[in-house]
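Colleague: Take this structure first; my questions come after.
The values are calculated or read from the model by the stated rules, or taken from the named source; none is laboratory data. Since the structure is predicted, the reported quantities are computational estimates derived from the model, not experimental observations. Cβ sites come from the backbone with ideal geometry, for glycine too, and all protein chains shown count toward neighbours. Ligands, DNA and RNA are excluded from the accessible area calculation, which covers all protein heavy atoms including side chains. Shrake-Rupley method; radii C 1.70, N 1.55, O 1.52, S 1.80 Å.
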Amino acid sequence: MTKKETKSIVLLGHHLKSLRLPTMLGECEKIAVRCAHDNVDHLGYLLQLCELELIERERKAAERRLKAAKFPTYKTLETFDFKAQPSVNKVLVNELMRGEYLEKRENILLVGNSGTGKTHLTTSLGIAACGQGKRVRFYQVTELITQLMEAREDRDLSRLKKQLAKLDLLILDELGYVPASKLGSELLFDVISTAYERMSLIVTTNLPFENWTEVLGSERLTGATLDRLTHRCHILETAGESYRLQDAKRRRTKNSSSKPNKTK
Ligand code: ADP
Ligand code: MG
């Protein structure tokens with residue numbers, strides 16, 4: 001390498017750093033060697049570097065979106081067994097995975113007993129949305145209510161609400177496990193009203209609609225919440241037995257049938 005070339009590389013490194021193009025910086029020499037070998041012209045070389053920078057940028061952004069979404073576990077549709085949960089509308093799930101509902105600001109409601117795959121399906125949908133460039137946040141309803149109440153006490157509610165308003169998809173898992181206080185229900189309702197037609201919501205619940213009043217307290221609030229949630233809404237029912245229970249039963253039958261026969 002000539003003295004002039006070394007100087008160019010040092011300067012180029014400096015400029016690429018100032019321009020915040022770390023992948024170009026890391027790859028420029030290696031790709032230059034490859035392009036020289038493959039007889040790729042200068043524009044082709046530049047194109048390859050730009051493409052690598054963009055791919056890496058998108059990968060990092062997707063990683064950040066996934067982290068910011070705070071999913072409790074990493075679950076995808078690949079590990080969801082539709083045969084074990086025949087009530088689940090597979091066609092609808094696959095359609096929702098494509099994410100058009102997000103563009104239309106439509107909601108999804110998952111209703112079913114505990115252990116029937118609501119959180120699993122919801123997480124799969126949320127991860128898919130992150131992959132489609134959407135800002136997602138997963139909350140257990142009780143966790144969100146606690147955060148709202150604490151923020152209110154600290155006079156910090158508007159900051160939290162601003163954060164929520166930036167989302168494309170807000171996931172509210174497990175509405176109905178714990179009855180909320182009057183203030184908690186009102187704060188939650190406020191979030192749902194603000195989200196209405198501005199972003200998509202996915203709500204999971206083990207409660208049939210007629211029992212929502214038990215959780216939200218007042219009939220008026222329940223009516224208004226349901227009205228907003230169910231307008232432009234896809235409903236997925238996960239009826240049937242808990243997957244964990246089915247799984248445990250399967251294991252038990254397998255174990256008992258594979259036990260050695262002790263009788264002579
Ligand atoms: P819910 O939210 O309805 O209470 P979860 O989604 O938490 O249920 O499911 C309980 C456990 O069973 C999770 O580990 C989930 O991954 C698993 N599970 C539920 N349904 C299925 C299914 N059809 N295929 C594979 N795993 C499932
Ligand atoms: Mg759940």
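Colleague: I need the full set of residues from segment 112-150 which are more than 16 Å from ligand 1 (Cβ to nearest atom), assigned to a helix (DSSP H, G or I), open to solvent by 10 Å² or more (accessible area, probe 1.4 Å) and without any contact (Cβ under 8 Å) to a residue 60 or more places away in the chain, in order please.
Modeller: The answer is Ile145, Thr146, Gln147, Met149, Glu150.
Colleague: Which residues, counting only those in segment 73-100, are touching a Ser or Thr at 6+ places or on another chain (Cβ under 6 Å) and assigned to a helix (DSSP H, G or I)?
Modeller: Result: Leu77, single match.
Colleague: Taking only segment 56-78 into account, find how many residues are within 24 Å of Val141 (Cβ to Cβ) and away from ligand 1 (no atom under 13 Å from the Cβ). Walk me through how you get there before you give the answer.
Modeller: Step one: filter segment 56-78 for residues within 24 Å of Val141 (Cβ to Cβ), giving 65-77.
This time we only want the ones that are away from ligand 1 (no atom under 13 Å from the Cβ), so: 65-70.
Here the count works out to 6.
Colleague: Of the conditions (1) away from ligand 2 (no atom under 16 Å from the Cβ); (2) modelled with pLDDT of 95 or more, Leu110 clears all except one; give me its number.
Modeller: Answer for Leu110: the failing condition is (1).
Colleague: For segment 215-235, enumerate the residues that are under 16 Å from Ser200 (Cβ atoms) and among the basic types (Lys, Arg).
Modeller: Arg228, Arg232
Colleague: Looking at Lys3, Lys7, Lys90 in this structure, which one is more than 16 Å from ligand 2 (Cβ to nearest atom), within 30 Å of Asp173 (Cβ to Cβ) and not hydrophobic (A, V, I, L, M, F, W, C)?
Modeller: Numbers: Lys3 fails: within 30 Å of Asp173 (Cβ to Cβ); Lys7 fails: within 30 Å of Asp173 (Cβ to Cβ).
Testing whether each residue is more than 16 Å from ligand 2 (Cβ to nearest atom), within 30 Å of Asp173 (Cβ to Cβ) and not hydrophobic (A, V, I, L, M, F, W, C) leaves just Lys90.
Colleague: Further question: Just to verify a result, which residue in segment 151-179, among those that are on the phi < 0 side of the Ramachandran plot, within 16 Å of ligand 1 (Cβ to nearest atom) and part of a loop (DSSP other than H, G, I, E, B), is farthest from the chain's Cα centre (by Cα)?
Modeller: At the first step, the residues of segment 151-179 found to be on the phi < 0 side of the Ramachandran plot are 151-154, 156-173, 175, 177-179.
Within this subset, residues satisfying the condition of being within 16 Å of ligand 1 (Cβ to nearest atom) are 171-173, 175, 177-178.
Then keep just the ones that are part of a loop (DSSP other than H, G, I, E, B); that gives 177-178.
Details: Tyr177: 21, Val178: 23 Å.
Checked segment 151-179; the qualifying residue farthest from the chain's Cα centre (by Cα) is Val178.
Colleague: Is it the case that Asp81 is open to solvent by 50 Å² or more (accessible area, probe 1.4 Å) and within 16 Å of ligand 1 (Cβ to nearest atom)?
Modeller: Working: open to solvent by 50 Å² or more (accessible area, probe 1.4 Å): yes; within 16 Å of ligand 1 (Cβ to nearest atom): yes.
Taking the combined requirement at face value, the residue satisfies it.
Colleague: Please indicate, with yes or no, whether at least one residue in segment 91-98 is within 12 Å of ligand 1 (Cβ to nearest atom), open to solvent by 30 Å² or more (accessible area, probe 1.4 Å) and either charged (D, E, K, R) or modelled with pLDDT under 95 (or both). It would help to see each step written out before you state the result.
Modeller: Taking segment 91-98 and keeping what is within 12 Å of ligand 1 (Cβ to nearest atom), we get 93.
Of the ones still in play, those that are also open to solvent by 30 Å² or more (accessible area, probe 1.4 Å) are none.
Within segment 91-98, none of the residues are within 12 Å of ligand 1 (Cβ to nearest atom), open to solvent by 30 Å² or more (accessible area, probe 1.4 Å) and either charged (D, E, K, R) or modelled with pLDDT under 95 (or both).
Colleague: Might you let me know whether segment 204-224 holds any residue that is within 16 Å of ligand 2 (Cβ to nearest atom) and assigned to a helix (DSSP H, G or I)?
Modeller: To start, the set of residues in segment 204-224 that are within 16 Å of ligand 2 (Cβ to nearest atom) comprises 204-207, 215.
Next, only the ones that are assigned to a helix (DSSP H, G or I) stay: 215.
Within segment 204-224, one or more residues are within 16 Å of ligand 2 (Cβ to nearest atom) and assigned to a helix (DSSP H, G or I).
Colleague: Restricting the search to segment 113-131, which residues are out of contact with any helix residue (DSSP H, G or I) (no Cβ under 7 Å at 6 or more places or on another chain), of a type outside the set (Val, Ile, Thr) and at pLDDT 95 or above?
Modeller: Across segment 113-131, the qualifying residues are Lys118, His120.
Colleague: Listed residues Ile171, Ile192, Ile235; which is within 16 Å of ligand 2 (Cβ to nearest atom), open to solvent by less than 90 Å² (accessible area, probe 1.4 Å) and either in contact with a Cys (Cβ under 8 Å, 6 or more places away or on another chain) or touching a residue at least 24 places away in the same chain (Cβ under 8 Å) (or both)? Write out each step before concluding.
Modeller: Working: Ile192 fails: within 16 Å of ligand 2 (Cβ to nearest atom); Ile235 fails: within 16 Å of ligand 2 (Cβ to nearest atom).
That would be Ile171, the only listed residue that is within 16 Å of ligand 2 (Cβ to nearest atom), open to solvent by less than 90 Å² (accessible area, probe 1.4 Å) and either in contact with a Cys (Cβ under 8 Å, 6 or more places away or on another chain) or touching a residue at least 24 places away in the same chain (Cβ under 8 Å) (or both).
Colleague: Right, Tyr243: aromatic (Phe, Trp, Tyr), more than 21 Å from Arg105 (Cα to Cα), within 26 Å of the chain's Cα centre (by Cα) and surrounded by 15 or more Cβ atoms within 10 Å (Cβ to Cβ) or not?
Modeller: On the way: aromatic (Phe, Trp, Tyr): yes; more than 21 Å from Arg105 (Cα to Cα): yes; within 26 Å of the chain's Cα centre (by Cα): yes; surrounded by 15 or more Cβ atoms within 10 Å (Cβ to Cβ): yes.
Yes, satisfied.
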